[in-house]
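Below is one structure, written out as structure tokens, with a few remarks after it.
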Amino acid sequence: MKLIERIEELLRLHNNAKYNELWPVCQKIVADSIQHSKLITGQMSNYDLHDDTHSIQVVYIIENLLGDKIHEITCYEAILLYLAAFLHDSAMALPSWEYELLKAIEGTDEIFDNTLSYQLLQ
């Protein structure tokens, strides 16, 4: 069984208002984290691929580690595990605005990005 299947099964079984409100929020967080993870390769090109395919692989590993025990976890536990797979690398990339700001002020005479339309003087 997959984590998403377990979550959907628990949502159907319990028809709990809190679960039903939480799951769409979590799906939005996952979608946003997938977009954010695309920044990792652009900002840290020397790292291995850390995009949604990596996160999906982490979900697969979690599912394999759980094995048949997946039937014992609660809805909250399943959601937290699913979110963890997509959020665990989020801090590797800065938000675009912060990355651009650092490019404008960081560096040396030899390594300085002067292609920006603005510069912050020191």
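For E21 and I56 in the same chain, what is the full-extension length gain: residue separation times 0.36 nm, less their Cα-Cα distance, in nm? Could you put the intermediate results ahead of the total?
Values: separation 35, 0.36 × 35 = 12.60 nm, distance 2.34 nm.
Contour length minus Cα-Cα distance gives 10.3 nm.
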Just the accessible area for V59, please: 1.4 Å probe, Å², rounded to the nearest 10?
-> 10
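Taking the Cα centre of segment 22-96 as the origin, how large is its charge dipole in debye, to the nearest 20, when only Lys and Arg (+1) and Asp and Glu (-1) carry charge on their Cβ atoms?
On the way: 3 positive and 9 negative charges, 41 e Å.
So the dipole magnitude of segment 22-96 works out to roughly 200 debye.
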In nm, the gap between the two label points placed 7 Å beyond Cα toward Cβ at T41 and S96 is 1.6
Judged on accessible area alone, 1.4 Å probe, highest first, L101, L83, L13 line up as L13, L101, L83
Kirkwood Rh over Cα pairs of segment 44-106 into Stokes-Einstein at 37 °C, 0.692 mPa s: D in µm²/s?
-> 236
Potential lengthening between E5 and I29 on full extension [0.36 nm per residue; Cα-Cα distance subtracted] = 6.8 nm
Report, ordered by chain and residue number, the lysines lying within cross-link reach of K2, taken as a straight Cα distance under 22 Å and ignoring same-chain residues fewer than 8 apart.
-> K18, K28, K69
Kindly give Rg over Rh for segment 1-85, based on alpha-carbon atoms, with the Kirkwood expression for the hydrodynamic radius.
-> 1.04
Which of L3, L102, L66, L80 is most accessible, then next, and so on - probe 1.4 Å = L80, L102, L66, L3
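What order do W97, W23 take when sorted by accessible area (1.4 Å probe), most exposed first?
W97, W23
In segment 1-99, carbon and sulfur make up what percent of the accessible area (probe 1.4 Å)?
Working: 3660 of 6260 Å².
The value for segment 1-99 is 58 percent carbon and sulfur by accessible area.
The values are calculated or read from the model by the stated rules, or taken from the named source; none is laboratory data. Since the structure is predicted, the reported quantities are computational estimates derived from the model, not experimental observations. Cβ: placed from backbone, ideal geometry, glycine included. Neighbour counts: every protein chain shown. Just so you know, the surface numbers come from the protein's heavy atoms only, side chains and all, with ligands and any DNA or RNA stripped out. Shrake-Rupley method; radii C 1.70, N 1.55, O 1.52, S 1.80 Å.
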